[in-house]
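To start, the structure itself, in structure tokens.
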Amino acid sequence: MKQSHYTIIGLVLIALAFGLTTFFHNAEKNAQVAQQVTEHSDSLIRNHSVRAGNPLAKVTIVEFLDPACKTCLQFHPMVKDLILQYGDKVNLVVRYAPLHPGSEQMVAILEAVKMQGQFWPVLELMFETQTQWAINHRAHPEKFWNILVNTKKDLDYEKLQQDMNNPAISQAIQQDVADGQLLGATKTPTFFVNGKPLPSFGFEQLHRLVSEEVAEHY
Amino acid sequence: MNTQRSAINPTIQPAINPASWKFIFASWLIATLATAASLFFSEVMDLVPCVLCWYQRIFMFPLAVILLVGLHPLDVRVVRYALPIAVIGLLFTVYHCLLFYGFIPENLQPCSEGVSCADASMELFGFLPIPLLSLVAFISIIILLLKARATAK
């Protein structure tokens, strides 16, 4: 056998080992997540969770997101289009996974504006201005606060500040963090469609899972 | 092609020695395996590499390339270029192992932010610490390279 044959065999074996271990590792991880979700199905949606779209829709996307996350920003319009595309058949539940430093306060702002019925416009504003307050994977809530005060004049800021110190808000956030860890939502965004995790990460995979669920339930 | 090249400039003809080829081949295999394994840890298992892991990667990844170049066609002088890289990598690994096993106190470690270099999550399958794997890889690469040089003489 020629020397180059050894090299090629070595390369092929290493690539094969890498591919196989990756395949089995992912399969095992997906099975684990699926099992976690069925065991803790009550962790998927809580009473405080924000919902968009038809509450009676038979297909529910649960998204664990972090307003400081760039990928969440990119997914946001796509997820919105997806919901619009299916009309009242699909709805969305937002859960918080404040993984970036400073994100927890951003999420507290969201929870507080929710009490004034302004959750969605403020989340939109957060994503629109993300580059201004999320710098080097660190959220700067004080920077966003300035943007908010200058942009949204229809908010009661005194009430907002009081509400942000409401223990119910930090409880809700802690609940989301705990549920996220339980369900394996260690990266943002993490999606579950009717409790099913994505086979692998990507918008295509999300789209496919949603259309499968819609086909099954309608 | 080899004969053509040596005809033009006989001084750059590499020494063909099957024994040293085997040693360099083995060290390349280890470096490639270590590269693949470290990519597996970070990209598939989602273990975030700590600072010291990054330095070890910096000195492991090029070995997988440079040793392959030295194998086809065999050029024993690749040892001259690969050895310093491997030795520097070994220094980082030794430091990392000392840190991991607690011989160097926690507060002296350079990675205070991000992932701790003494984190227990660095144990593969619960019993194989990644710093130890790295140590074994760098030591065997160095020994094999030295053997390749010795047999070439």
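Values in this text are rule-based calculations from the coordinates and carry no lab data. Here the structure is a predicted model, which means the values were calculated and not measured. Neighbour counts run over all protein chains shown; Cβ positions are idealised from the backbone, glycine included.
So the values come out like this:
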{"item": "Whole-number D in µm²/s for chain A (Stokes-Einstein; Kirkwood sum over Cα pairs; 25 °C, 0.890 mPa s)", "result": "128"}
{"item": "Of A:K70/A:K152; A:K29/A:K89; A:K114/A:K143; A:K80/A:K152, pairs whose Cα-Cα distance is over 27 Å", "result": "A:K29/A:K89"}
{"item": "Which of B:L91, B:L128 has the fewest Cβ neighbours within 10 Å, and the rest in rising order", "result": "B:L128, B:L91"}
{"item": "Share, in percent, of DSSP beta bridges within the range A:42-217 that are antiparallel, nearest 5", "result": "60"}
{"item": "Nonlocal amide H pairs with A:R95, under 5 Å, H built at 1.01 Å", "result": "A:E63, A:F64, A:L65"}
{"item": "Residue exposure sequence - B:M45, A:M115 - by fewest surrounding Cβ within 10 Å", "result": "B:M45, A:M115"}
{"item": "Rough spin-label spacing in nm, given labels placed 7 Å along Cα→Cβ, for A:Q205 and A:T38", "result": "2.0"}
{"item": "Proximal aspartates and glutamates to A:K58, defined as alpha-carbon separation beneath 13 angstrom and excluding residues fewer than eight positions away on the same chain", "result": "A:D88, A:E212, A:E213, A:E216"}
{"item": "Calculated Rg and Dmax of the protein assembly as shown using C-alpha coordinates, Å", "result": "27.3, 87"}
{"item": "Over the protein assembly as shown: helical MRE at 222 nm, DSSP H runs n ≥ 4 each giving -39500 (n - 2.57), nearest 500", "result": "-20000 deg cm²/dmol"}
{"item": "Alpha-carbon centroids, the range A:192-217 and the range A:1-68: separation in whole Å", "result": "13"}
{"item": "Degrees between helix A:119-128 axis and first principal axis of chain A (Cα, 0 to 90, nearest 10)", "result": "60"}
{"item": "Footprinting exposure proxy for B:W54, A:W133, B:W28 (fewest neighbouring C-beta atoms within 10 Å first)", "result": "B:W54, A:W133, B:W28"}
{"item": "Integer Hz, Karplus 6.51/-1.76/1.60 couplings in order for the range A:89-103, x for Gly and Pro", "result": "8, 10, 10, 10, 10, 9, 10, 9, 10, x, 8, 7, x, x, 5"}
{"item": "Lysines with Cα under 20 Å of B:K147, excluding same-chain neighbours fewer than 8 positions away", "result": "B:K22"}
